[in-house]
Amino acid sequence: MATSQQNFMSPILMLGLLILLSLNSTDAKVGVCYGRLGANLPCPTEVVALYKKHNIKKMRLYDPHPPTLLALGGADIDLMVGIPESDLPHLAESQGHADAWVAANISAYPAVKFRSIAVGNEVNPSSSAYSRFVLPAMQNIRRAVCGAGLGNRIAVSTSIKPDLLQKSSPPKEGEFYSNVTWYVKPIIEFLRDENAPLLVNVYPYFAYLNDMENISRGFALLQRGCGVVLGGVYYDNLFYAMLDAIYAAMERMLGNGPSVMSGVGGPGLTVSETGHSSRGGGRPVSDGDGDGDFSSVENARIYNNNLMRVVKKGTPMRPGIPIEAYIFGMFDEDMKPGPEYERHFGIFLSNGTRKYGLRFY
């Protein structure tokens, strides 16, 4: 006969399980990234009011912007807050610096619903001088969060781009470039041990523009009835295919091989950015092989509304597991550098009106 200790979970073990579940839990609510590189944008108080009005329950903020943190106090909005690259050396070199960062930017705002901290965004391991600081900064920030008594509430992670993959099709053969192993593998191991998700910025928009010969427009826009079979597995849309390629690459890097079982081989994924530009991308039809109006308000509407649907179901490698995702972004940002399309990802105009119909559930 089993003893009572075997039949019932100890309080310590139960607490540990609850911590793991709270850190790695996700749902299909879609959040929105709040970038501020635009002229004449609403003030943070108005922005938070806009999130509330449209039932947007999750926000990604790229730095601990005090006016926005103050505006979020008491709001029912889960927050992913970022740490810019330039802060990473300081945080990586000293636990004391990380403790001070958490005290000033997290603990000082007890009424804000912090859910995660993104340590760097798309740091390039091949070219960025900051890449070697990402993991030690993550480790120090995680210790600081736990030291502040918030370890069961706030996950610590970093974001990557899918272009770290050497192979992404078929998705089950996803594999990272060998020259990024030194960077990616220890991060994945850290996240696995902490039961926290890897953040990944997933843009079917860019994948389509870069390979219009082999990717159909409907597949990139997540349209029903436009799926394809890749490596013997049916994929309803490109978003799922891109995510599963990263899952497979993580599992392969950790030596487990691709699996279709939830949680096997590595951490989960959170889509920390996705979206569709409404203007300025691609080549004109007159070029013969151009994308025409792919970068249009209508296609942005189609993509983001379809995203609301597909995040609820999970990918073929993680069936039934809802996907946490953040649309980029809240507003067009006319001060962003780079190609014209970079400045037209907003779902709202600067006066707070919707650019197109999009309902948050």
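Nothing in this text is a laboratory measurement; each read-out follows from the coordinates by a stated rule. Fair warning: this is a prediction, and the values are worked out from it, not measured in the lab. When we count neighbours, we look across all protein chains shown, and the Cβ atoms used for this are built from the backbone with ideal geometry, even at glycine.
Laid out as a table, the results:
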quantity	calculated
5 angstrom amide H check on residue 32, placed H, neighbours 5+ away	58, 59, 60, 327
Simple spin-label estimate for residue 361 and residue 45 in nanometres, 7 Å along Cα-Cβ	3.5
Pairs of lysine residues in the chain - Cα separation under 13 Å, sequence separation of 8 or more or cross-chain	6
The chain, relative contact order in percent, only Cα pairs under 8 angstrom and at least six apart counted	19
Length released on extending from residue 305 to residue 177, taking residue separation times 0.36 nm less the Cα-Cα span	42.8 nm
For residue 230, distant residues with modelled amide H under 5 Å away	235
Cut-off under 5 Å, modelled amide H: who pairs with residue 120 long-range	83
Cα centroid separation, region 213-249 to region 295-331 (Å)	13
Radius of gyration and maximum dimension Dmax of the chain, Cα, Å	20.5, 79
Using a Förster distance of 25 Å, the FRET efficiency for residue 279-residue 229 (Cβ separation, nearest 0.05)	0.15
Among 126, 157, 277, residue whose mean-square fluctuation peaks in a GNM of the chain (springs only between Cα atoms under 10 Å)	126
